[in-house]
Amino acid sequence: MVQFSFFHLMPYAELDEIDRWPVPHRLFDPSIGHHLFGEYLDQMALADELGFDWVGCNEHHSTPYGLMSNPNLIGGALTQRTSRARLAMLGNLIPLLNPIRVAEEYAMLDVMSGGRLIAGFIRGIPNEYIAYSANPDESWERFAEAYDLIIRAWTEPEPFAWEGKHWQFRAVSVWPRPLQQPHPPVLISGGSRESAVFAARKRAKMGIVQLADLEDARANIQLYRDSAADFGWTPARDDVLVGLHTHVARTDEEAQKALGEAEDYFYRVLGAASGHAGELVLSGTRYYATEEAREFRVRRRGAHGHLTIQDRVARNTVLCGSPDTVVRQIETVVKATGAGVLQVNFKIGCMTDDQVTASMRLFAEEVVPHVRAV
Amino acid sequence: MSAPSETTHLADHWTTIAGCRIGYREAGVGRPLVHLHGAGGPSWDEAHAILATRFRVIVPALPGFGESTRDPGVDSLPALARVVAGFIGEVVGEATHVLGSSFGGRVAAWLALEEPAILDRLVLESPASFPQRGGTRLDQISQADLRTNESAPDRGVEQFASQEARSRNVTAIGELTRGNPPEEELLARIHEIQTPTLVLFGTEDRLVPPETGRIYKERLTDCSFALVYQAGHVIRRDRPDAFTRLVIDFLERGPAFLVNRG
């Protein structure tokens, strides 16, 4: 049974143009921000009411692209605003943070939510390495060490010292410990071949967002499943997540017009800000483990910049149209990739609250009932 | 992995305790630190050299191991521990820190139970005291089982004895432990250890599950349990710098070992 994850980037879509990163915070109006956090939390609470299986968010720094420098704060609010959906923090940028703090905050969310946490362990897009002043060369090994340390902090019942390469602690004893045992499910990005294999080795869930096309996603998901078999386990359906921009309207034309405009703002304004900084980080560093991974990213980014909404609909990299159309699109995506969780992102760019909530309701009422069995 | 360097007979001192002729090596000055080796027999490696810059490091070949001889009366681990106590009395002459590695950790635990007065602080490196994964036979353990960080150089590893002498180690272990059964008695008494103890495990130990460390942490009065990331069973060779940093800090600073001083 396919599940749906309502994902929110919490963008600040008040600027006409952004030409630098970090984006100066003088451009942020806190009173508007206050209103937006309320509106966005209302949308996430609505997702829980409407029966979305997961409600999720993520972490970005120094940009109106997303207002969650710490998604766990949103997670804390969601423990009180939702009662049923899984809370998918996708996720904390573990190479850049204190892993013990991540273990603690995630454990709090798990206990506060009654065991609903899905713990995203994310490496972070390149510009975050400037924001938190970390060496991109160390990205993968910091990620791997933080991963092991957090799991150990959740599962080791006795206090322990950790003599790592990047972190040293003499007395780790995480309070509270998580409610889900042995620990909350972990999800990592499976967007590159390296990360797909890593997820399989760790028996973690994997997610792919911002697809270039379904074939790219299918290939990495197959690699994940094949690697899992090599490591002696079989991923469940809901171990694989694919993320898509989503908009449902009464007609295909109406939906394409709305999402087209919203995506234009998303790619042209919100997404462009971090691009240059990201290139600085990638230039001459080992953020990517292999040249192949670097080329894959370049190709994927290139594919996004020049496509129209019609192109994206044709490639099945968005869910966009009337309820009937979106039902068929979901069937296509699930059949092609084998994903068990579709992460649907409704608040794209400058999409209004009315557009977002109307689209969510159509999705929940006229799409989901027809695709549960896919 | 690089092969251990050529055999050199490093036991440059000898003494006789309870009918056992024991060879040992020592280096450095300072508070004494006696290292009880694992089933593979004694060696001298980079970690010893680092420790010898801060301590008087003494490494005996246990009776029956390497070129040391074992009196037939020494036929159990408690008996072996008493010979070690005699060795410490004779050679060290004062209370000493003891580092026990793998099988030597098991001997050191018995020493802490049988002769606590001669111990200052105790460090157990991957102690093989309790039932082990799959009951691995000692003669089946490969280098790959012991080491995980194969890119780490085997810097300055010197074996104490010839290959032939080392083959006797397996026999000695079998006789001292009567086929290496689970140490029920040691497990039942481990909580009696009062000596401040640091237990170290590598996160990638393939012989003794690193989770074993929690048994000591839970039961001993004064115990720290440290996980050394990406180290296998022989932590001191996979990550000599991390290993010696922990050991030196613990031995020199005691309970304040928990406080980060840079």
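Are any of the residues in the stretch A:82-103 in a helix (DSSP H, G or I), open to solvent by 10 Å² or more (accessible area, probe 1.4 Å), closer than 25 Å to A:R201 by Cβ and in contact with a helix residue (DSSP H, G or I) (Cβ under 7 Å, 6 or more places away or on another chain)?
Yes; the residues of the stretch A:82-103 include at least one that is in a helix (DSSP H, G or I), open to solvent by 10 Å² or more (accessible area, probe 1.4 Å), closer than 25 Å to A:R201 by Cβ and in contact with a helix residue (DSSP H, G or I) (Cβ under 7 Å, 6 or more places away or on another chain).
Check the stretch A:126-140 and report whether any residue there is touching a Gly at 6+ places or on another chain (Cβ under 7 Å) and either part of a loop (DSSP other than H, G, I, E, B) or open to solvent by 20 Å² or more (accessible area, probe 1.4 Å) (or both).
Within the stretch A:126-140, one or more residues are touching a Gly at 6+ places or on another chain (Cβ under 7 Å) and either part of a loop (DSSP other than H, G, I, E, B) or open to solvent by 20 Å² or more (accessible area, probe 1.4 Å) (or both).
Any residue in the stretch A:64-75 that is farther than 18 Å from A:H34 by Cβ sitting within a Cβ distance under 7 Å of a residue that is in a helix (DSSP H, G or I)? List the pairs, counting only those 6 or more apart or interchain.
Listed by first residue and then by second, the contacts come to A:Y65/A:L270; A:N72/A:E105; A:N72/A:L109; A:G75/A:L109.
Check the stretch B:208-221 and report whether any residue there is away from chain A (no Cβ under 14 Å), open to solvent by less than 10 Å² (accessible area, probe 1.4 Å), farther than 22 Å from B:R253 by Cα and not in a strand (DSSP E or B).
Yes, the conditions are met somewhere in the stretch B:208-221.
Any residue in the stretch B:229-258 that's within 11 Å of another protein chain (Cβ to nearest Cβ): show its pairings with residues that are hydroxyl-bearing (S, T, Y) and outside any helix (DSSP H, G or I) at Cβ separation under 6 Å, as long as the two are six or more apart or on different chains.
B:Y229/B:T203
Here are A:Q168, A:Q181: which of them is more than 14 Å from chain B (Cβ to nearest Cβ), free of Cβ contacts under 8 Å to residues at least 40 places away in the same chain and surrounded by fewer than 23 Cβ atoms within 10 Å (Cβ to Cβ)?
A:Q181
Considering only residues that are among the aliphatic types (A, V, I, L, M), open to solvent by less than 30 Å² (accessible area, probe 1.4 Å) and within 18 Å of A:L342 (Cβ to Cβ), which ones fall in the stretch A:219-248?
Passing the criteria: A:I221, A:V240, A:L241, A:V242, A:L244, A:V248.
Which one of these does B:A117 not meet: (1) under 30 Å from B:A242 (Cα atoms); (2) open to solvent by 10 Å² or more (accessible area, probe 1.4 Å); (3) in contact with a strand residue (DSSP E or B) (Cβ under 7 Å, 6 or more places away or on another chain); (4) at pLDDT 95 or above?
Status for B:A117: all satisfied but (3).
With respect to A:E163, is the statement that it is in contact with a Gly (Cβ under 8 Å, 6 or more places away or on another chain), facing chain B (nearest Cβ under 10 Å) and free of Cβ contacts under 8 Å to residues at least 60 places away in the same chain true?
Working: in contact with a Gly (Cβ under 8 Å, 6 or more places away or on another chain): no; facing chain B (nearest Cβ under 10 Å): yes; free of Cβ contacts under 8 Å to residues at least 60 places away in the same chain: yes.
Considered against the rule, which asks whether it is in contact with a Gly (Cβ under 8 Å, 6 or more places away or on another chain), facing chain B (nearest Cβ under 10 Å) and free of Cβ contacts under 8 Å to residues at least 60 places away in the same chain, A:E163 comes out as no.
B:G254: at positive phi, outside any helix (DSSP H, G or I) and not β-branched (V, I, T), yes or no?
When the stated conditions are applied, B:G254 does not pass them.
Select from the stretch B:29-83 the residues that are open to solvent by 10 Å² or more (accessible area, probe 1.4 Å), more than 19 Å from B:T96 (Cβ to Cβ) and polar (S, T, N, Q) and list them in ascending order.
B:T69, B:S76 - these are the residues of the stretch B:29-83 that are open to solvent by 10 Å² or more (accessible area, probe 1.4 Å), more than 19 Å from B:T96 (Cβ to Cβ) and polar (S, T, N, Q).
Under 8 Å between Cβ atoms, which residue pairs at least 6 apart in sequence (or on different chains) link something in the stretch A:320-332 that is among the aliphatic types (A, V, I, L, M) with a partner that is open to solvent by 20 Å² or more (accessible area, probe 1.4 Å)?
The qualifying pairs are A:V327/A:H370; A:I330/A:V374.
List the residue pairs whose Cβ atoms are under 8 Å apart, where the first residue sits in the stretch A:284-301 and is of a type outside the set (K, R), the second is surrounded by fewer than 15 Cβ atoms within 10 Å (Cβ to Cβ) and modelled with pLDDT of 80 or more, and the two are 6 or more positions apart or on different chains.
From the stretch A:284-301, the pairs are A:T285/A:N135; A:T285/A:D137; A:Y287/A:D137.
The values are calculated or read from the model by the stated rules, or taken from the named source; none is laboratory data. Small disclaimer: the values here were computed from a predicted structure and weren't measured. Counting neighbours? That spans all protein chains shown, and the Cβs are built from the backbone with ideal geometry, glycine included. Note: accessible area is taken over every heavy atom of the protein model, side chains too, but ligands, DNA and RNA are not part of it. Shrake-Rupley method; radii C 1.70, N 1.55, O 1.52, S 1.80 Å.
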